[in-house]
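This report concerns only the one structure given below.
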Amino acid sequence: IFFFSDLPFDLVVNYLCSLKLEQVLCQKLKPELGSAGHIPSFEYVCFVYDRVSEGHLQPSSIHPKPRGFRIRRQQGSCLAFTTELIAGLRQHSLLPTYTHLLTGYCGDASFLREIAKLAKELKSVTTEFQYVCDPVLGDEGVLYVPKDLIEIYRHEVLKVADIITPNQFEVELLTGLELKDEKTALEALKLLHNMGPRTVVLTSLVLDPNAKTLKAYGSVKDETEVVTVEVPRLAGRFTGTGDVFAAVFLAHHSRYNGDMKKTLAKAMQTMERILSRTAAAAQIDKRNIPAIGLRELRIVESIQDIVAFENFPPALVDTISTNCTVGC
């Protein structure tokens, strides 16, 4: 698996322990605090992995003034650095050993285009290869990346993506539709299918700011039902939820051979447990730490929750019949 992100690593390893995914290349495009938690998780199973960092920041990039460095600033272009590494894999005929590409935050247009090219190349050399794209653009009305990246995602990246996991705001940016109700959400899923991805997951839809629950929607092109999973909505902001969800979804999607009901249910239930544990820990932590620091996801502390997904109680899963085949 290629990882162009950070937080997912520990989750993916634990979920993929029963799969035939052995060669892992991890590249961080979004430095985050908490990388030390990745190593114990990799030791749960025998995994071969390589990790390449875009930089090292302490604390994470979500904090006001993180210290550290980024490769593109200190050692030349991050694009040139990464393309050189990929060229090495290509030279030694190692690209066909990868089964998945997982990408997250990318704030540079040229780098994003390079990712699309890499995905296309990997698809040409590995028939079973899948590209899972978390199109990180922003959240809750705030754009995290340059605006021109929206068009690159629309016209270049989504064309080669197999699975995408946008949040509500990102769906609106990619489709131009305001998600005012469930009907417009379903229309947006169709538009996204038409851009390329076979599987589209709207990771959360919140129509009422005071709602106690949220819904996720999973849609597969050419199927006549959209799967929904409803979970409790926790107050507050958390760091890295999109990264973790994309990794969890990828893992379960592989484990359950694309069964959307099982995949989406397990992914949402896992996220619920991680966020609940994080929120609970933040409430009892008496140290003099800013609130944003207390909301760093408690990945290591959640390991037992992560590996016990088979014991989760039944989730609140439903389906919505569409008037025509999804994506038509």
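The values are calculated or read from the model by the stated rules, or taken from the named source; none is laboratory data. Predicted, not measured: the structure shown is a model, and the values here were computed from it. Cβ: placed from backbone, ideal geometry, glycine included. Neighbour counts: every protein chain shown.
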In contact with a Ser or Thr (Cβ under 9 Å, 6 or more places away or on another chain) and within 21 Å of Glu140 (Cβ to Cβ): which single residue out of Gly218, Gly240 fits that description?
Gly240
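Is it true that Lys147 is basic (Lys, Arg), over 19 Å from Phe245 (Cβ atoms) and assigned to a loop (DSSP other than H, G, I, E, B)? Break it down into steps so the answer makes sense when it comes.
Working: basic (Lys, Arg): yes; over 19 Å from Phe245 (Cβ atoms): yes; assigned to a loop (DSSP other than H, G, I, E, B): yes.
Answer is yes for this residue.
Being in a loop (DSSP other than H, G, I, E, B) and modelled with pLDDT under 85: is that true of Ile306 here? So that I can check it myself, show each step before the final result.
On the way: in a loop (DSSP other than H, G, I, E, B): no; modelled with pLDDT under 85: yes.
Here the answer is no, as Ile306 does not meet what is asked.
Looking at Thr203, is it modelled with pLDDT of 95 or more, surrounded by 18 or more Cβ atoms within 10 Å (Cβ to Cβ) and of a type in the set (S, T, N, Q)? Steps first, answer last, please.
Details: modelled with pLDDT of 95 or more: yes; surrounded by 18 or more Cβ atoms within 10 Å (Cβ to Cβ): yes; of a type in the set (S, T, N, Q): yes.
For Thr203, the condition - modelled with pLDDT of 95 or more, surrounded by 18 or more Cβ atoms within 10 Å (Cβ to Cβ) and of a type in the set (S, T, N, Q) - is met.
State all residues of region 236-253 that are assigned to a helix (DSSP H, G or I) and among the aromatic types (Phe, Trp, Tyr); if no residue qualifies, say none. Don't jump to the end; show me each part of the working.
Step one: list which residues in region 236-253 are assigned to a helix (DSSP H, G or I), which gives 241-253.
Passing the criteria: Phe245, Phe249.
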Taking Lys159 as meeting all but one of (1) outside any helix (DSSP H, G or I); (2) within 16 Å of Glu114 (Cα to Cα), write down the number of the exception.
(1)
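Just one of Glu151, Glu178 is acidic (Asp, Glu), surrounded by fewer than 18 Cβ atoms within 10 Å (Cβ to Cβ) and within 20 Å of the chain's Cα centre (by Cα); which is it? Working first, answer last.
Values: Glu178 fails: within 20 Å of the chain's Cα centre (by Cα).
Just a single option satisfies the conditions, and that option is Glu151.
For every residue, the table says whether it meets (1) among the polar types (S, T, N, Q); (2) at pLDDT 80 or above; (3) crowded, with 18+ Cβ neighbours inside 10 Å; (4) closer than 20 Å to Ala315 by Cα.
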position: Val226; (1), (2), (3), (4): no, yes, yes, yes
position: Arg237; (1), (2), (3), (4): no, no, no, no
position: Val248; (1), (2), (3), (4): no, yes, yes, yes
position: His252; (1), (2), (3), (4): no, yes, yes, yes
position: Met260; (1), (2), (3), (4): no, yes, yes, yes
position: Arg277; (1), (2), (3), (4): no, yes, no, yes
Looking only at region 161-207, which residues are of a type in the set (S, T, N, Q) and closer than 19 Å to Asp318 by Cβ?
Gln168, Thr184, Thr199, Thr203, Ser204
Any pair with Cβ under 6 angstrom, 6 or more apart, that starts in region 202-230 at a residue that is in contact (Cβ under 8 Å) with a residue 12 or more places away in the chain and under 20 Å from Phe245 (Cβ atoms) and ends at one that is in a strand (DSSP E or B) and of a type in the set (Lys, Arg):
Leu205/Lys215; Thr228/Lys215; Glu230/Lys215
